[in-house]
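*Asks:* Structure in structure tokens, see below.
The values are calculated or read from the model by the stated rules, or taken from the named source; none is laboratory data. What you are looking at is a predicted structure, and each value in this text was computed from that prediction instead of being measured. All Cβ positions, glycine included, derive from the backbone under ideal geometry; neighbour counts span all protein chains shown. These area figures cover heavy atoms from the full protein model, side chains too; ligands, DNA and RNA do not enter into them. Shrake-Rupley method; radii C 1.70, N 1.55, O 1.52, S 1.80 Å.
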Amino acid sequence: MTSALLSAALALGLGAWLHARLVRRTGRALVDAAARLGAGDLAARTGLGDRPGQLGALARAFDRLAALR
């Protein structure tokens, strides 16, 4: 029982860490691209168009917006 709980806790912790890392990386790429675009780099893109979910949708929307400039 104790080893099963420990295994479950480790798996949950690893999953949470991986998810947080993915979110931070995606967020950082969005912020960096926005900063570059704001500084005048009209070629700035997130490069995250293949990401699933809401952050991927936000990255695709940013890239479409940047392409309008």
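*Asks:* Could you tell me whether region 1-23 includes any residue that is free of Cβ contacts under 8 Å to residues at least 60 places away in the same chain, of a type in the set (Val, Ile, Thr) and open to solvent by 80 Å² or more (accessible area, probe 1.4 Å)?
*Replies:* Yes, region 1-23 contains a residue that is free of Cβ contacts under 8 Å to residues at least 60 places away in the same chain, of a type in the set (Val, Ile, Thr) and open to solvent by 80 Å² or more (accessible area, probe 1.4 Å).
*Asks:* Right, something else. Of everything in region 35-69, what is open to solvent by less than 40 Å² (accessible area, probe 1.4 Å) and either under 18 Å from residue 24 (Cα atoms) or assigned to a loop (DSSP other than H, G, I, E, B) (or both)? Give them in sequence order.
*Replies:* If the condition is that a residue be open to solvent by less than 40 Å² (accessible area, probe 1.4 Å) and either under 18 Å from residue 24 (Cα atoms) or assigned to a loop (DSSP other than H, G, I, E, B) (or both), then 44, 46, 48, 49, 56, 59, 62 are the ones that fit.
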